[in-house]
Amino acid sequence: MARSHPEQISPTAHYTGYVWFAHGQSHEAFATTTGRRMYQALRVANLAAQTVRLPTLDGMLLARHRLIDLRLTEAIETGEVEQVVEVAAGLSPRGWRFARRYGDRLTYVEADLPGMLANKRRILAELGGESPHHRTAEVDALTDAGPTSIEAICATLDPSKGTAIITEGLINYFDRATVIGIWARFARALARFPTGLYLSDVNTRDGNAGALVAAFSWLLSAFVRGKVHIHFDSADEAEAALAQAGLLGMLLDPRDLAEQLPGLELAGAGHVRVIEALAKKGS
C-alpha cells in the first residue's frame with residue numbers, strides 16, 4: 001500500500017479514497033490507513049442509515065463519482081473528448097482507471113497542489129509510473145496566469161482534440177464569488193478546444209432542505225472540518241451562474257440516471273448534482 005504523508009491529505013480525501021476502494025472503484029494503493037479507520041468508524045452508522053433509507057456519506061460520494069465517470073466515458077466513447085485534466089485529483093483513482101482502459105487513446109493529466117501531488121506521484125510510481133498519456137501537474141485553480149494556472153496546463157495539450165476539465169469535491173470549499181471565478185478560468189482554458197467539457201459535483205438548496213437534511217449537512221460539515229458552501233438555491237440558478245462564467249450546461253440528478261448506475265443509493269444521491277457543461281467559444 002502507498003505510504004502517504006497524512007498531514008498533506010485532507011480528511012475528506014482520506015475518507016473518499018477509502019470509500020472508492022471499499023466499493024470496488026479503486027486500487028488499494030489509493031487507500032490510506034487513516035481512511036480505513038475513518039471508514040470503519042462510520043460503518044455502523046452508515047449501515048443503520050441505509051437500513052431505514054436515510055442518506056449516507058458513502059451514498060452521496062459514490063453517486064457523484066459514478067455519474068461523473070458515466071458522462072466522461074460517454075464523451076470519450078463518442079470521440080468528443082480525448083484529453084482530460086482533473087483538478088484537485090487528490091486520491092481519486094479515476095485517472096489511473098481511465099488511463100488503463102483507454103491507453104494512448106486518451107491523455108489524462110492529474111493536477112493538484114504540491115503536497116497532495118507528491119502523494120499521487122508516489123501512488124502512480126507504485127502502479128507503474130507516469131507516461132506521456134497519463135501524467136501529473138501542479139495547479140492552482142485560483143490563479144489566472146503563470147505555470148500553475150489551468151490556462152498553462154491546457155496550453156500543453158493538443159488544441160485539435162476535445163478536452164474535459166473535472167473537479168470532484170472541490171467547489172463546495174469556496175464561496176460563491178470564488179467558484180464563479182474558477183469556472184470562468186476553466187471556460188477560457190477550454191474555449192481553445194473543439195469540445196470543452198466541464199464535469200463537477202455541486203450542491204443546491206432545493207436538494208438539501210428540511211430538518212433531516214440539515215442534520216445531514218451538519219454531519220458533512222463536521223466531517224470536512226469546515227463549512228460546506230451551498231451556493232445556489234436551484235439548478236436554474238446554478239446554470240445561470242455557469243453561463244455567466246462562460247459554461248453552458250445543466251445540472252444532472254443522479255437519481256434520474258439510476259438505470260445506468262445500478263446499486264445507486266437514492267437517498268444519498270438526492271443530495272448531490274453533477275454539472276455537465278460546455279465552454280462557450282471565445283470565452
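The values are calculated or read from the model by the stated rules, or taken from the named source; none is laboratory data. Given the structure is predicted, the values throughout are model-derived calculations rather than measurements. Reconstructed Cβ throughout: ideal geometry from the backbone, glycine too, with neighbour counts over all protein chains shown.
Side notes on the structure shown:
- A search for C-beta distances below 6 Å between a residue of the stretch 115-136 that is farther than 21 Å from residue 149 by Cβ and any residue that is outside any helix (DSSP H, G or I) and not aromatic (Phe, Trp, Tyr), counting only pairs 6+ apart in sequence or on different chains, returns 119/4; 122/2; 123/2; 124/130; 126/2; 133/107.
- Only one entry in 192, 105, 135, 97 is modelled with pLDDT of 95 or more, surrounded by fewer than 23 Cβ atoms within 10 Å (Cβ to Cβ) and under 30 Å from residue 266 (Cβ atoms), namely 97.
- Of residues in the stretch 159-173 being surrounded by fewer than 19 Cβ atoms within 10 Å (Cβ to Cβ) and at pLDDT 95 or above, the one nearest to the chain's Cα centre (by Cα): 161
- Residue within the stretch 3-11 that is within 17 Å of the chain's Cα centre (by Cα) and buried (at least 23 other Cβ atoms within 10 Å of the Cβ) present: no
- Subset of the stretch 40-67 (residues that are of a type outside the set (D, E, K, R) and within 20 Å of residue 94 (Cα to Cα)): 57, 59, 60, 61, 62, 63, 65, 67
- The stretch 48-103, residues that are under 24 Å from residue 129 (Cα atoms) and of a type in the set (A, V, I, L, M, F, W, C): 72, 76, 81, 84, 85, 87, 88, 89, 91, 96, 98, 99
- Number of the condition not met by residue 72 [criteria: (1) among the hydrophobic types (A, V, I, L, M, F, W, C); (2) more than 27 Å from residue 256 (Cβ to Cβ); (3) under 14 Å from the mean Cα position of the chain (by Cα)]: (2)
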